[in-house]
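Undergrad: Got a structure here, written out as structure tokens. Questions coming.
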């Protein structure tokens, strides 16, 4: 199973006020995000993190990753200095579904005229999608990753 998420902002205290997240403190936010993630994602599932995983360093990022179920693929966001080698864009194909992923929403993207979908974060649920786009950020998805099946059902309804 494939899951997608973005904008977790693990360990980022200011995200609580910036995004009006309803957690008493950053520790509770982190624990709730991890609990929600693990309630959906199984060990053999693949999770694409589309940026802004954490502002912290690589050692702390690894501590968060070790608590999360699944196999993880990361893209670079605006707050991912913990890994300088992350790609900004990634294309992925599942069956006939071509997916273009980036932390940022795009006006146009590869194969859009052939029905590809574009997944993004960064906007924390405040940007209206264009065409076959979906904001996979946690603020837009009840603080949890979203499955490819759920995304396809939404985009095709």
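Undergrad: For the range 1-91, what relative contact order do you get, as a whole percent, if you take Cα pairs closer than 8 Å and at least 6 residues apart? Don't jump to the answer; show the numbers that get you there.
TA: Values: 143 pairs, mean separation 28.8, N = 91.
After rounding, I find 32 percent.
Undergrad: Using only alpha carbon pairs under 8 Å that are at least six residues apart, calculate the relative contact order of the chain and give it in whole percent.
TA: Here the relative contact order equals 26 percent.
Undergrad: Quick one: check the C-alpha center-to-center distance for the range 1-19 versus the range 47-69, whole angstrom.
TA: That distance is 10 Å.
Undergrad: Could you work out the helix-only [θ] at 222 nm for the chain, with each DSSP H run of four or more residues adding -39,500 (n - 2.57) and the total divided by the number of residues, to the nearest 500 deg cm²/dmol?
TA: -6500 deg cm²/dmol
Undergrad: Let me ask something additional. When the Kirkwood radius is taken over all Cα pairs of the range 2-155, what Stokes-Einstein diffusion coefficient follows at 25 °C and 0.890 mPa s, in µm²/s? All intermediate terms of the calculation are to be shown ahead of the outcome.
TA: Values: Rh = 15.5 Å.
Estimated via Stokes-Einstein, D reaches 158 µm²/s.
Undergrad: Taking the Cα atoms only, what angle lies between the long axis of helix 26-40 and the longest principal axis of the chain, rounded to 10 degrees?
TA: 40
Undergrad: With both bridge residues required to lie in the range 40-157, what share of the DSSP beta bridges run antiparallel, to the nearest 5%? Mind showing how you got there, number by number?
TA: On the way: 6 of 16 bridges.
Here the share of antiparallel DSSP bridges comes out near 40 percent.
Undergrad: Here is a further query. Let me check the size of the range 18-85 from its C-alpha atoms; what are the radius of gyration and Dmax in Å?
TA: Answer for the range 18-85, Rg first and Dmax second: 12.3, 34 Å.
Undergrad: To continue, here is another question. Which order do peptides 98-109, 134-145 fall in by mean Cβ count within 10 Å, highest first?
TA: Details: 98-109: 19.0, 134-145: 21.3.
Packing order, densest peptide first, comes out as 134-145, 98-109.
Undergrad: If each residue's Cβ is checked for other Cβ atoms within 10 Å, how do 128, 8 rank with the fewest at the top?
TA: Values: 128 8, 8 27.
So the residues, fewest neighbours to most, are 128, 8.
Values in this text are rule-based calculations from the coordinates and carry no lab data. Keep in mind that what you see is a predicted model, and the values were worked out from it rather than measured. Reconstructed Cβ throughout: ideal geometry from the backbone, glycine too, with neighbour counts over all protein chains shown.
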